[in-house]
1. Taking 25 Å as R0, compute the FRET efficiency from the Cβ-Cβ separation of Lys56 and Ser90 and round it to 0.05.
2. If you average the C-alpha positions of region 113-164 and of region 53-106 separately, how far apart do those two centres end up, in angstrom?
3. Fewest Cβ neighbours within 10 Å first, please rank Glu151, Glu83 accordingly.
4. What percent does the relative contact order of region 1-127 come to when contacts are Cα pairs within less than 8 Å and at least six residues apart?
5. Between Trp14 and Val34, what is 0.36 nm times their sequence separation minus the Cα-Cα distance? Round to one decimal in nm.
6. For region 107-164, what is the convex hull (Cα atoms) projected area averaged across all directions, in square nanometres?
7. Under 19 Å between alpha carbons, and skipping anything fewer than 8 positions from Lys115 in its own chain: which aspartates and glutamates qualify?
8. Listed highest first by mean packing, meaning other Cβ atoms within 10 Å per residue, what order do 154-160, 50-56 come in?
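Please treat every number below as a calculation from the coordinates, not as lab data. Everything numeric in this text was worked out from a predicted model, so none of it was measured. Virtual Cβ from ideal backbone geometry, glycine too; neighbours counted across all protein chains shown.
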Amino acid sequence: MRREFSRKRKSKKWIKWSILVLIILIGFVIAFFVLADRPIKLAKKDAVSISKKYAKIKHVDDFYVSNLTNTYYTVAGTNDSGESVFVIISKNNGHVLVVNQKDGINKALAINLVKRNGDVKKIIKASPSIFNDKPVWVVTYFNNKNKLCYETISYKNGKSLQLIANV
């Protein structure tokens, strides 16, 4: 009888320890995801603040990050005059470029131009950015060989400026 009581006690301890380890493991996983997302949230908050200051953004529609050669944060939104603009901010030097959305091609057209020019399997993203001091769209995609590709499209006329394929 003592042996049975001892076995039950040991099995209860094992279950308690297993549950404790599982709870700690779940806590670490949740903390990892929360902390992993923190830098981009801070960057977005800073970019929106800069956009409100320099471009008088009243309503934010979207936020983009591009980091092909340098890192740029872009806030898409409407300013106090009711114009839709992109505010492109360099992470390196804080330079701010405000671009009217009506003065260039839109995201859907940039993606369609890339699809027409190459063997695109899946579009990952399209982000407004800066290339040679001019606004561009950087379209990231996987080609039919499942290789990562980047195509830089002129914001003004949709011309392909640079293709980095099979990364």
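1. Numbers: r = 20 Å, r/R0 = 0.79.
Efficiency, rounded to the nearest 0.05: 0.80.
2. 18 Å
3. Final ranking by Cβ density, sparse to dense: Glu83, Glu151.
4. 14 percent
5. Working it through step by step, the gained length comes to 4.2 nm.
6. Value for region 107-164: 3.4 nm².
7. Within the straight-line cut-off, Lys115 pairs with Glu151.
8. 50-56, 154-160
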